[in-house]
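Have a look at the structure below before the remarks.
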Amino acid sequence: MDHDERREEIVLGVIAVMAEQGFAAVSLRSVAQAAGVSMGRVQHYFSSKVELIQNACKLFIQRATAQHVESGNLPRQERLEALLTMGIPGSADERIGTAVWYEFVTAGTKDDTIADLVAAAWRDRHDNIVALLDIDDDRRSLTAAEMAKLLAATSDGLAIAAMLGRISGEDARSLVAKQINALEAETA
């Protein structure tokens, strides 16, 4: 196993601790236990809890980005829908993943590096939404950028509602699809 693989193994331990016990439970010791490695190995690759969490956030975003890239062969509207519903949980495991993401978002209120990572991820998502919208700004009441913000905000709100069990993931995904169709029908 090379150094990058060992670092990733440890970072996955951070995500596992966050998923099982929450952000507050992350420590060098809890991560070592979750990753199945020694404290010495964790300390060899990461100097602090902050560095561990920042690297976990980077990996989480990289994996979400890879998931979006994999949808590249789908038709445009399906890619848009996949992008907007990516964070909407449908299963218990997906609910945990959504909760971990929002723990990173919350951590960004106290950690500028995490705030920058989250902001960059949201900018990339916004840019991808704009690129996937099939619109003519001259024929709409909203620009593509405004519609992207509206769609992203709706998606985020539905993701939180589904994570908390206030709406099913299926219903949340259906609402996103209906909003995409309604916005695109505006120029038809």
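The values are calculated or read from the model by the stated rules, or taken from the named source; none is laboratory data. Keep in mind that this is a model prediction, so the values were computed, not measured. FYI the Cβ positions are ideal-geometry reconstructions off the backbone, even for glycines, and counts take in every protein chain you see.
For the reader, a short list of remarks on this structure follows.
- Consider region 156-185 and keep the residues that are closer than 15 Å to Leu80 by Cβ and among the charged types (D, E, K, R). The one that is surrounded by the most Cβ atoms within 10 Å (Cβ to Cβ) is Arg173.
- Of residues in region 1-32 being at pLDDT below 95 and of a type in the set (S, T, N, Q), the one farthest from Pro89 (Cα to Cα): Ser27
- For the condition among the β-branched types (Val, Ile, Thr), more than 24 Å from Ala153 (Cβ to Cβ) and either without any contact (Cβ under 8 Å) to a residue 12 or more places away in the chain or part of a helix (DSSP H, G or I) (or both), Val105 does not qualify.
Let's see how each residue does on (1) assigned to a helix (DSSP H, G or I); (2) free of Cβ contacts under 8 Å to residues at least 12 places away in the same chain; (3) within 21 Å of Val11 (Cα to Cα):
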| site | (1), (2), (3) |
| --- | --- |
| Ala99 | yes, no, yes |
| Arg125 | yes, no, no |
| Asp134 | no, no, no |
| Leu142 | no, no, no |
| Met147 | yes, no, no |
| Ala153 | yes, yes, no |
| Ala159 | yes, no, no |
| Ile180 | yes, no, no |
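- Unique residue being within 12 Å of the chain's Cα centre (by Cα) and farther than 18 Å from Cys57 by Cα when the list is Leu74, Leu83: Leu83
- Helices (runs of 4 or more DSSP H) fully within region 17-90 counting 3 or more residues that are over 30 Å from Leu133 (Cβ atoms) and touching a residue at least 12 places away in the same chain (Cβ under 8 Å): 28-35, 39-45, 49-70
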